[in-house]
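The values are calculated or read from the model by the stated rules, or taken from the named source; none is laboratory data. None of the values given here were measured: they were computed from a predicted structure. Using ideal geometry, Cβ is built from the backbone for each residue, glycine included, and neighbour counts are taken over all protein chains shown. Only protein heavy atoms, including side chains, enter the accessible area calculation; ligands, DNA and RNA are left aside. Shrake-Rupley method; radii C 1.70, N 1.55, O 1.52, S 1.80 Å.
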Amino acid sequence: MKKTILLATVASVVGLPQTGLAQSAPQSITVAYYGGNWGEAFDACVAQPFTKATGIRVVAEIGNSTTTLSKLQQQTGNAVIDVAYMDGGISEIAEAAGVLAPIDLATLSNSAALQPQAAYKNGDHVFAVSAGYYSLGLIYNTSEVTEAPQSWQELWNDAYAGAVAIPSPNNSAGVPFVIFLAGAFGDTSETMDATFAKLKSLDSGLLYDTSGAASNAFQSSEIVIGAHFNVGAWDLIDAGLPIGFVVPKEGVWATDARMHIVKGTKNPEAAAKFIDTALTPEAATCLAKKLYLGPAITGVALSADVERKLPWGTGGSIKTLHLFDWAKVNAMRPAITDRWNREIAN
């Protein structure tokens, strides 16, 4: 889902003297987040302001959500990572694996601004806080598709046969996309037979395992229409490519990048301060401009140009997104993946 680079260590510049932390505050904390433009944005929007305010360096541990979860499990009992960014779905798996510490929102000065959907609980404790939302919408080549598509049904338009891209279950978007389509097309059965029959009839050109593969296919005009994240789509549009992105009438499904404090962190106070820094309007505005992430907090004023690039599109909000119960999605994942491999991939 993300542009992932080889494991690397990146340190932001040390800024002003530390404030709001104990005298024994650490010289650095380690934060796991994604690579590529995502990592650059988290560094610029959160890590650097945190360092400027506290004097604490941020050492970035680069990797996707699955890689980060694996590291947290390997570090059980001797945590090296203090704060971890992971996507919805993997976040719940990490909580079930016992590698996360509770987040006490009462200690975060900016937590009152959190949207109701943006604090994730297990029982009576919060285990994750949203850093911003992104969605899987409809992307198309404006040179080939002259009128903006209004429905997901356009993927089955004969005019685009052999030039359609959708995510496979090997991509984190794949399984939820199948579940989303079932709901969008009125398939309420547990078996989703009608949905799989419809997917089997799709004359696709690419069942992509990585979002980068989808972006490359649109850049080369190999694909003219498909499902892609708003982040990847607007990257292409802002690069000057003939690409459009829409929220179809059936809506879009969405998830978020989440922040977690790692169980056993040796720097719990600094970890909490880092998350608190991410909950400021300045950080949310910065991420909306750089990554098109929908803010997880209230009180963020954005220009019309930035607003239209957010996961819900112009005039939308978090309430208009289809947000999943990831525990249910994860429970359905093996069966959907198996059926996809038998009926769609072959």
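Cβ-Cβ distance of T146 and T314, R₀ of 25 Å, FRET efficiency by 1/(1 + (r/R0)^6): the value works out to about 0.75.
Axis of helix 268-278 versus longest Cα principal axis of the chain: the two differ by about 50°, to the nearest ten degrees.
Result for the chain in a Gaussian network model with C-alpha springs under 10 Å: among L202, L310, L279, the largest mean-square fluctuation is at L202. Remark: spin-label model distance K289-N78 equals 4.3 nm, labels positioned 7 Å along the Cα→Cβ axis. Residues of segment 154-185 with the amide nitrogen closer than 15 Å to a label point 7 Å from the Cα of N341, along Cα-to-Cβ, please. Only 168-171, 175 fall inside the zone, counting backbone N under 15 Å.
Charge dipole (Cα centre; +1 on Lys/Arg Cβ, -1 on Asp/Glu Cβ; no other charges) of segment 192-336 amounts to roughly 360 debye. Between the residues V224, A128, G77, the greatest Cα displacement towards the positive end of the dipole of the chain, with unit charges on the Cβ of Lys, Arg, Asp and Glu, is found for G77. Counting only protein heavy atoms and a 1.4 Å probe, the chain has 42 square angstrom of accessible area per residue.
For segment 117-216, the residue among P167, G186, S201 whose Cα projects farthest onto the positive side of the dipole built from Cβ charges is P167. Extension gain for A304 to N157 (0.36 nm times residue separation, less C-alpha to C-alpha distance): 49.8 nm.
Projecting the Cα atoms of I90, N157, T314 onto the charge dipole of the chain (Cβ charges, centred on the Cα centre) puts I90 farthest toward the positive pole.
Placing unit charges on the Cβ atoms only, positive for Lys and Arg and negative for Asp and Glu, gives the chain a dipole magnitude near 720 debye about its Cα centre.
Phi angles of segment 335-346 translate, via the Karplus equation with coefficients 6.51, -1.76, 1.60 and θ = phi - 60°, into HN-Hα couplings of 5, 5, 4, 4, 5, 4, 4, 7, 10, 9, 5, 8 Hz per residue; Gly and Pro are given as x.
For the chain, the longest principal axis of the C-alpha atoms and the axis of helix 65-74 are separated by about 40°.
Taking 0.36 nm per residue of separation and subtracting the Cα-Cα distance, full extension of the segment from A106 to H125 would add 5.7 nm. Between E61 and V31, A32, Y33, the built amide H atoms are under 5 Å apart, and every one of these is 5 or more places off in sequence or on another chain.
Ranked by the mean number of other Cβ atoms within 10 Å of their residues, highest first, the peptides 122-131, 147-156 fall in the order 122-131, 147-156. Full extension of the chain between S70 and A96 gives 8.0 nm of extra length, using 0.36 nm per residue less the Cα-Cα distance.
In the chain, the DSSP-assigned H stretches of four residues or longer account for a calculated mean residue ellipticity at 222 nm of -9500 deg cm²/dmol, using -39500 (n - 2.57) per stretch and the full residue count as denominator. Picking from D325, D235, D276, which is most flexible by a Gaussian network model of the chain using Cα springs under 10 Å? Checking each option, the largest mean-square fluctuation is seen for D325. A Cβ-based charge dipole, computed about the Cα centre of segment 233-274 with Lys and Arg at +1 and Asp and Glu at -1, lands at about 320 debye. The string of couplings for segment 26-38 from the Karplus curve (6.51, -1.76, 1.60, θ = phi - 60°) is x, 6, 7, 10, 10, 10, 8, 8, 6, x, x, 5, 5 Hz, one whole number per residue in order, with x for Gly and Pro.
Packing, as the average of other Cβ atoms within 10 Å across residues, places the peptides 57-63, 226-232 in the order 226-232, 57-63, highest first. DSSP beta bridges fully contained in the chain are about 70 percent antiparallel. Relative to the longest principal Cα axis of the chain, at what angle does helix 174-184 sit, 0 to 90 degrees, rounded to 10? The answer is roughly 60 degrees.
Using a Gaussian network model of the chain in which every pair of alpha carbons under 10 angstrom is joined by a spring, one finds that among V83, V247, V329 the greatest mean-square fluctuation is at V329.
Projecting label points 7 angstrom from Cα along Cα→Cβ for T191 and E282 puts them 5.8 nm apart.
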